[in-house]
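Student: Handing you a structure now.
The values are calculated or read from the model by the stated rules, or taken from the named source; none is laboratory data. Keep in mind it's a predicted model, so treat the numbers as computed, not measured. Note: ideal-geometry Cβ built from the backbone for every residue, glycine included; neighbour counts use all protein chains shown.
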Amino acid sequence: MTKPINTQRRTLIAAGAAALAGAVPLRVFATDPVRVGLIIPMSGPFASTGKQIEAAVKAYQKKNGDTVAGRKIEVLLKDDGGVSPEVTKRLAQELVSRDKVQVLAGFGLTPLALAAAPVATQAKTPMIVMAAATSIIPQRSPFIVRTGFTLAQVTAPIADWAVKTKIKSAITFVSDYGPGYDAEKVFIKRFTEGGGKVVDSLRVPLRNPDYAPFLQRVKDAKPEALFVFVPSGEGAAVLKQFNERGLAAAGIRLICTGDVLDDDLMPSIGQAAAGVISSHHYSAAHPSAENKAYVNAFSKDNANMRPNFHSVGAYDGMHLLYEALKKTGGDPAGEKLVEAMKGMAWTSVRGPVSIDSSTRDIVQNVYIRKVEMKADGAYNVEFDQVEKFKDPGV
Ligand code: PHB
């Protein structure tokens, strides 16, 4: 028997209201797409990170298709502006509860990843951290898996290199927030243990930094080396002022993590970086067939853009998701998917990588590089490496 029309309408309205209030879970069918909420800074001071990640996600899907284990992978991109943890958290909540994403991904900076972590835990949603690099991040939720790197992981090798090179005194110069503290701590520990002396430790503001007074202090103290970490996007300004203020001319040697010599910025940094030694997990000049193909494909689809380390964190994040879905037969259920990700190993464009099953963090080679001028600009050319290096922690 058909119900009277207004009863029917009332039922529909009630169901709609309940769904809007989040009370009735929408049924998700096995053939429905797997939705990925990609939260990245597409605007603001760290927009280059978002653009690199977006380009890499597109490159991955172009190469590997947008369907895996019978399920379409739908990426919902949200711009969090890169500076407000509250905004990132709200976007994560909306993606999970309103847009029904089964996976969260992206996260350009540490405070933003930390803000979203409780959302992942509460919703039991895997959260692939592609960029943010403070060691503690995966400890904040059992649903976090990291495909980028950690500052401790890339700092230890340059500190060891400085010891090996018989540099005796250094000043540390880091951005005043999580990854900067990790870099500072690890550099001081390794360099001091190796017999070096850290004569001063400077923390520079993350937002609207004026590096001049800090660099003047370094010039006056005249250490043999200045160790620098600033997040991607900031390095060009530091290098320019380092040279303009006469620190190089005064015989102070700049050493840094590869964040400072980010491939996105290298074309504009150019000659100013010639000869600078750094350590990092990715260089666009990494000499492997996989990387050459990646750089070519990326540059072809993104005019005037070179892939940087954040792009590789994102490309591998997509790879991890696809391979984990293959293992679960297309089931994106949180615990199952994270379990499938643990211990996964593959050949990345950066070299061999794996996900440590107990920490859910990436294990990878860290390379020592020197800036060299090539026909099409300045590149970080790898000349030494620490193999399959785990995050040493802080
Ligand atoms: C971070 O905020 O964790 C971060 C961002 C950019 C970097 C490194 C670390 O280059």
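Student: Considering only the range 323-338, state which residues are surrounded by fewer than 18 Cβ atoms within 10 Å (Cβ to Cβ), on the phi < 0 side of the Ramachandran plot and not acidic (Asp, Glu). Working first, answer last.
Tutor: Quick first cut of the range 323-338, residues surrounded by fewer than 18 Cβ atoms within 10 Å (Cβ to Cβ) only: 323, 326-331, 333, 335-336.
From the residues that got through so far, the ones that are on the phi < 0 side of the Ramachandran plot too are 323, 326-328, 331, 333, 335-336.
If the condition is that a residue be surrounded by fewer than 18 Cβ atoms within 10 Å (Cβ to Cβ), on the phi < 0 side of the Ramachandran plot and not acidic (Asp, Glu), then Lys326, Lys327, Thr328, Ala333, Lys336 are the ones that fit.
Student: Please find, among Ala113, Ala132, the residue that is modelled with pLDDT of 95 or more, in a loop (DSSP other than H, G, I, E, B), closer than 18 Å to Pro41 by Cα and within 13 Å of the ligand (Cβ to nearest atom).
Tutor: Going through Ala113, Ala132 in turn, just one is modelled with pLDDT of 95 or more, in a loop (DSSP other than H, G, I, E, B), closer than 18 Å to Pro41 by Cα and within 13 Å of the ligand (Cβ to nearest atom): Ala132.
Student: Next up: Do you know which residues across the range 35-57 are surrounded by fewer than 23 Cβ atoms within 10 Å (Cβ to Cβ) and closer than 13 Å to Leu104 by Cβ?
Tutor: Start the filter on the range 35-57 by keeping residues that are surrounded by fewer than 23 Cβ atoms within 10 Å (Cβ to Cβ), which leaves 35, 42-45, 47-48, 51, 54-55.
Once the filter is applied, which keeps residues that are surrounded by fewer than 23 Cβ atoms within 10 Å (Cβ to Cβ) and closer than 13 Å to Leu104 by Cβ, the range 35-57 yields only Arg35.
Student: Could you check the range 78-98 and list, in sequence order, the residues that are of a type in the set (Gly, Ala, Ser), assigned to a helix (DSSP H, G or I) and buried (at least 16 other Cβ atoms within 10 Å of the Cβ)?
Tutor: Residue satisfying the conditions is Ala92 alone.
Student: Within the range 299-321, how many residues turn out to be part of a helix (DSSP H, G or I) and farther than 13 Å from Ile355 by Cβ? Don't jump to the end; show me each part of the working.
Tutor: Pass one, the range 299-321, residues part of a helix (DSSP H, G or I): 299-301, 309-321.
Pick out the ones that are also farther than 13 Å from Ile355 by Cβ and you get 299-301, 309-312, 314-315, 318.
Residues flagged as part of a helix (DSSP H, G or I) and farther than 13 Å from Ile355 by Cβ within the range 299-321 amount to 10.
Student: Here's something else I'd like to know. Give the range 165-193 a look and list any residue that's within 16 Å of the ligand (Cβ to nearest atom) and either in a helix (DSSP H, G or I) or without any contact (Cβ under 8 Å) to a residue 40 or more places away in the chain (or both), or say none. So that I can check it myself, show each step before the final result.
Tutor: We begin by selecting, within the range 165-193, every residue within 16 Å of the ligand (Cβ to nearest atom); these are 172-187.
If the condition is that a residue be within 16 Å of the ligand (Cβ to nearest atom) and either in a helix (DSSP H, G or I) or without any contact (Cβ under 8 Å) to a residue 40 or more places away in the chain (or both), then Asp176, Gly178, Pro179, Gly180, Tyr181, Asp182, Ala183, Glu184, Lys185, Val186, Phe187 are the ones that fit.
Student: Can you find a residue that is within 26 Å of the chain's Cα centre (by Cα) and not hydroxyl-bearing (Ser, Thr, Tyr) anywhere in the range 242-253? Before you say what the answer is, go through the steps one by one.
Tutor: The initial filter retains those residues of the range 242-253 that are within 26 Å of the chain's Cα centre (by Cα), namely 242.
When the remaining residues are screened for being not hydroxyl-bearing (Ser, Thr, Tyr), the result is 242.
Yes - at least one qualifying residue is present in the range 242-253.
Student: Here are Val75, Val101: which of them is within 28 Å of Ser348 (Cα to Cα), assigned to a strand (DSSP E or B) and more than 16 Å from the ligand (Cβ to nearest atom)? Write out each step before concluding.
Tutor: Values: Val101 fails: assigned to a strand (DSSP E or B).
Only one candidate qualifies: Val75.
Student: Which of the following residues is surrounded by 23 or more Cβ atoms within 10 Å (Cβ to Cβ) and away from the ligand (no atom under 16 Å from the Cβ): Phe227, Phe242?
Tutor: Details: Phe227 fails: away from the ligand (no atom under 16 Å from the Cβ).
It is Phe242.
Student: Are any of the residues in the range 231-243 part of a loop (DSSP other than H, G, I, E, B), at pLDDT 95 or above and farther than 23 Å from Gly377 by Cβ?
Tutor: no
Student: Go through the range 153-164 and count every residue that is crowded, with 24+ Cβ neighbours inside 10 Å and either within 14 Å of the ligand (Cβ to nearest atom) or of a type in the set (Val, Ile, Thr) (or both).
Tutor: 4
Student: Of all residues in the range 99-126, which are in contact with a strand residue (DSSP E or B) (Cβ under 7 Å, 6 or more places away or on another chain) and either over 14 Å from Val145 (Cα atoms) or surrounded by fewer than 18 Cβ atoms within 10 Å (Cβ to Cβ) (or both)?
Tutor: Filtering the range 99-126 for residues in contact with a strand residue (DSSP E or B) (Cβ under 7 Å, 6 or more places away or on another chain) gives 99-108, 113, 116-117, 120, 125-126.
Selection gives Asp99, Lys100, Val101, Gln102, Gly108.
Student: Of all residues in the range 375-392, which are of a type outside the set (A, V, I, L, M, F, W, C), farther than 18 Å from Trp161 by Cα and at pLDDT 95 or above?
Tutor: Within the range 375-392, the subset of a type outside the set (A, V, I, L, M, F, W, C) is 376-377, 379-380, 382, 384-385, 387-388, 390-392.
So of that shortlist, the ones also farther than 18 Å from Trp161 by Cα come out as 376-377, 379.
Result: Tyr379, single match.
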